[in-house]
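Student: Quick one: this structure, given as C-alpha cells, is what I'll be asking you about.
The values are calculated or read from the model by the stated rules, or taken from the named source; none is laboratory data. Keep in mind that this is a model prediction, so the values were computed, not measured. Cβ sites come from the backbone with ideal geometry, for glycine too, and all protein chains shown count toward neighbours. Remember, those area values only see protein heavy atoms, side chains included, never the ligands or the DNA or RNA. Shrake-Rupley method; radii C 1.70, N 1.55, O 1.52, S 1.80 Å.
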Amino acid sequence: AESQGVELLELFRLASPKDPNLLPQSVCHIEKSILTAGDSVGKAEAAGRCLEVLSGFGPFEAAAGEAGFFPSPDRPKVFWLGFADGAARLSEAAGTLSAALRAEGFVLEERTFVPHLTLARLKGSVPPAAAVKAAAAAKELCRGARFPVTGAVLFSSELSSGGPRYSELKRIDF
C-alpha cells in the first residue's frame, strides 16, 4: 500500500508541470464554509461559538469510499476522497453547524454539502487520463481504511506564495 501512495504522488508530479499543492495529513479537512479575509475577529469568535453545537454529537467511524476531482476529471483542480461509511453523520454535523452559523448571521454556500477529504489542490494542467488513473489508485490505496471521527476544528488559513498556512482556532470533541 505504501508503494501505491508513492506512485500516486509521482503520478501527479509527472502529470503536472507544477507540483500539486499536496496537503499534509494534518490538514486534510472536511470543508463546510470559508470566512473571507475581510471577516472580523468577532466573526471568527462567533464561528468558534457555533462549533459548540457539535459538542456531544457523539464520535463515530468513517470509511474511505470513492476518489475523484472537482470540478471534474477533465479539469482537475481539487483531488478528493469520499466516504463509504459515515457520510450521513458528516452531513448531519454539517447541517447542524450550518444552522448555528446562519442563526449568527453568516451567509453560507447554497450548494449541497458533499463530505470529502481534500487530498490535494492541483496547479497547472493534469491530463484527464492521469486524473482518472490517480482516482482509481487512491480508491484502491484507501480500500477498507476506517478511522474515528471524534471532533471538529475551526481553522484559519493564511495565503502566501509558498502555499496556505493553517492555524487551529478552536477544537471541540464530540
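Student: What number of residues within the stretch 162-174 are in a strand (DSSP E or B), of a type outside the set (Ser, Thr, Tyr) and surrounded by 13 or more Cβ atoms within 10 Å (Cβ to Cβ)?
Tutor: Count: 3.
Student: For the stretch 121-133, which positions are open to solvent by 40 Å² or more (accessible area, probe 1.4 Å) and either in contact with a Ser or Thr (Cβ under 6 Å, 6 or more places away or on another chain) or among the hydroxyl-bearing types (Ser, Thr, Tyr) (or both)?
Tutor: Filtering the stretch 121-133 down to residues open to solvent by 40 Å² or more (accessible area, probe 1.4 Å) leaves 121, 123, 125, 127-129, 132-133.
Once the filter is applied, which keeps residues that are open to solvent by 40 Å² or more (accessible area, probe 1.4 Å) and either in contact with a Ser or Thr (Cβ under 6 Å, 6 or more places away or on another chain) or among the hydroxyl-bearing types (Ser, Thr, Tyr) (or both), the stretch 121-133 yields only Ser125.
Student: Please tell me if Ala136 is farther than 21 Å from Leu54 by Cβ, touching a strand residue (DSSP E or B) at 6+ places or on another chain (Cβ under 9 Å), of a type outside the set (Ser, Thr, Tyr) and exposed (fewer than 15 other Cβ atoms within 10 Å of the Cβ).
Tutor: Numbers: farther than 21 Å from Leu54 by Cβ: yes; touching a strand residue (DSSP E or B) at 6+ places or on another chain (Cβ under 9 Å): yes; of a type outside the set (Ser, Thr, Tyr): yes; exposed (fewer than 15 other Cβ atoms within 10 Å of the Cβ): yes.
Spelling it out, Ala136 is indeed farther than 21 Å from Leu54 by Cβ, touching a strand residue (DSSP E or B) at 6+ places or on another chain (Cβ under 9 Å), of a type outside the set (Ser, Thr, Tyr) and exposed (fewer than 15 other Cβ atoms within 10 Å of the Cβ).
Student: Out of the residues in the stretch 98-115 meeting the condition of being open to solvent by less than 30 Å² (accessible area, probe 1.4 Å) and within 17 Å of the chain's Cα centre (by Cα), tell me which one is modelled with the lowest pLDDT.
Tutor: Residues of the stretch 98-115 that are open to solvent by less than 30 Å² (accessible area, probe 1.4 Å), as a first pass: 98, 100-101, 106, 108, 115.
From what's left, within 17 Å of the chain's Cα centre (by Cα): 98, 108, 115.
Working: Ser98: 85, Leu108: 79, Pro115: 86.
Filtering the stretch 98-115 for residues that are open to solvent by less than 30 Å² (accessible area, probe 1.4 Å) and within 17 Å of the chain's Cα centre (by Cα), the one modelled with the lowest pLDDT comes out as Leu108.
Student: I've got another one for you. Residues being within 15 Å of Val78 (Cβ to Cβ), among the basic types (Lys, Arg) and not in a loop (DSSP other than H, G, I, E, B): count how many of those fall in the stretch 119-137.
Tutor: So the answer is 1.
Student: A follow-up question, please. Within the bounds of the stretch 147-161, is there any residue that is open to solvent by less than 80 Å² (accessible area, probe 1.4 Å), at pLDDT below 85 and in a loop (DSSP other than H, G, I, E, B)?
Tutor: yes
Per-residue answers, yes or no, for (1) in contact with a Ser or Thr (Cβ under 8 Å, 6 or more places away or on another chain); (2) over 21 Å from Pro59 (Cα atoms):
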position: Pro71; (1), (2): no, yes
position: Arg75; (1), (2): no, yes
position: Leu101; (1), (2): yes, yes
position: Phe113; (1), (2): yes, no
position: Leu119; (1), (2): no, yes
position: Glu140; (1), (2): no, yes
position: Thr150; (1), (2): no, no
position: Ser160; (1), (2): no, yes
position: Arg165; (1), (2): yes, yes
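Student: Within the stretch 87-107, which residues are without any contact (Cβ under 8 Å) to a residue 60 or more places away in the chain and outside any helix (DSSP H, G or I)?
Tutor: Matches in the stretch 87-107: Glu104, Gly105, Val107.
Student: Looking only at the stretch 70-86, count how many residues are in a strand (DSSP E or B) and either more than 13 Å from Ala137 (Cα to Cα) or free of Cβ contacts under 8 Å to residues at least 12 places away in the same chain (or both).
Tutor: So the count comes out to 11.
Student: Against the condition over 21 Å from Ala47 (Cα atoms) and in contact (Cβ under 8 Å) with a residue 12 or more places away in the chain, how does Gly65 come out, does it pass? Before you say what the answer is, go through the steps one by one.
Tutor: Numbers: over 21 Å from Ala47 (Cα atoms): yes; in contact (Cβ under 8 Å) with a residue 12 or more places away in the chain: yes.
Taking the combined requirement at face value, the residue satisfies it.
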